[in-house]
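Following: one structure in structure tokens, then a few remarks.
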Amino acid sequence: GAVVSQHPSRVICKSGTSVKIECRSLDFQATTMFWYRQFPKKSLMLMATSNEGSKATYEQGVEKDKFLINHASLTLSTLTVTSAHPEDSSFYICSASPGPNHEQYFGPGTRLTVT
Amino acid sequence: QKEVEQNSGPLSVPEGAIASLNCTYSDRVSQSFFWYRQYSGKSPELIMSIYSNGDKEDGRFTAQLNKASQYVSLLIRDSQPSDSATYLCAASLRGSSTLTFGKGTMLLVSP
């Protein structure tokens, strides 16, 4: 149990385009989903927290207009990187939690390369 | 500011030995604690969760929690080369699923 999927696993896009990443909890309902990014050999960095049906809460320094998060249902959250630039190239990982005091289960991640 | 501290390592142990990974946290009201394993280029994978003082065992893994000392540890018995990875310690507050992560300890198990 507790499986989280992410799609796509890899994406290459041109500078200036937008990319959408999907995160799904397959066998449980996720009241909260989280989006992280990780640069090579660096720590996980939390970007934002989203609760189903409400606006995402972004961490300091994360541009909400650039990283659009939608949590439309208890099993699906999307992250859209708008007007991507090469410095947005990173490993984006989502996680989902059934509720407070519960674990976070991570998706397999999406490797974004912006050329 | 909530902090979770881990020694970055690498911690090197021979195959078959016990690996001991340690973590301290600064926020006394942290309630839930988790250990994740992350292989290079992959996402974190949950290994253990622990909520109350004492030991919790699952196969070759034992998590230990001491809230008075604000200390969490993970013991890996009979370490295998496949255990070589970065181990992340994380804590959350009561009523929250938001995690504060440590920077991780790299474990290297040599054959």
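Quick rundown of the values:
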read-out	value
Expected-Rg normalisation [2.2 N^0.38 Å, Cα atoms] applied to the range B:52-111	1.27
Under 5 Å, built H, 5+ apart or other chain: amide partners of B:Gln31	B:Ser92, B:Leu93, B:Arg94
Average Cα contact separation per residue, chain B, under 8 Å, 6 or more apart, as relative contact order %	38
³J(HN,Hα) computed for each position of the range B:52-69 - Karplus, 6.51 cos²θ - 1.76 cosθ + 1.60, integer Hz, glycine/proline x	10, 4, x, 10, 9, 10, 8, x, 7, 9, 10, 9, 10, 10, 10, 5, 5, 8
Förster-model FRET efficiency, 30 Å R0, B:Ser52 and A:His7, C-beta, rounded to 0.05	0.20
In Hz, Karplus ³J(HN,Hα) per residue of the range A:88-102 (6.51, -1.76, 1.60; θ = phi - 60°; x = Gly, Pro)	7, 4, 5, 9, 9, 10, 9, 9, 9, 10, x, x, x, 6, 9
Candidates A:Asn70, A:Asn101, A:Asn51: whichever shows maximal mean-square fluctuation once chain A is modelled as a Gaussian network with Cα springs under 10 Å	A:Asn101
Qualifying chymotrypsin sites (Phe, Trp or Tyr not before Pro) for the range B:9-85 [loop in DSSP, other Cβ within 10 Å: at most 15]	B:Tyr39, B:Tyr51
Inter-label distance for B:Asp27 and A:Glu87, nm, one decimal - labels placed 7 Å from Cα along Cα-to-Cβ	2.9
Full-stretch length increase - A:Lys41, A:Asp27 - with 0.36 nm per residue and alpha-carbon distance subtracted	1.9 nm
Where Cα atoms sit under 12 Å apart: lysine pairs in the protein assembly as shown separated by 8 or more or lying on different chains	5
For the range B:1-39 versus the range A:18-73, the gap between their alpha-carbon centres in whole angstrom	25
5 angstrom amide H check on A:His102, placed H, neighbours 5+ away	none
Gaussian network model of chain B, Cα within-10 Å springs - most flexible of B:Ser96, B:Ser30, B:Ser84	B:Ser96
Where Rh is the Kirkwood radius over Cα pairs, Rg/Rh for the protein assembly as shown	0.98
Relative contact order [Cα under 8 Å, 6+ residues apart], chain A, whole percent	37
Anisotropy class of the range A:56-106 from Cα gyration tensor, a/c 1.5 cut	prolate
Counted charge near A:Leu76, where neighbours are those whose Cβ lies closer than 14 Å (Asp, Glu -1; Lys, Arg +1)	-1
Per-residue HN-Hα couplings for the range A:59-67 [Karplus 6.51, -1.76, 1.60; θ = phi - 60°; Hz; x = Gly/Pro]	6, 4, x, 9, 7, 5, 7, 8, 10
Rg over Rh, two decimals, the range A:1-111 (C-alpha only, Kirkwood Rh)	0.94
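Every number in this text was worked out from the coordinates using simple rules, so none of it is lab data. Just so it is clear, the model here is predicted, and its values are computed rather than measured. Virtual Cβ from ideal backbone geometry, glycine too; neighbours counted across all protein chains shown.
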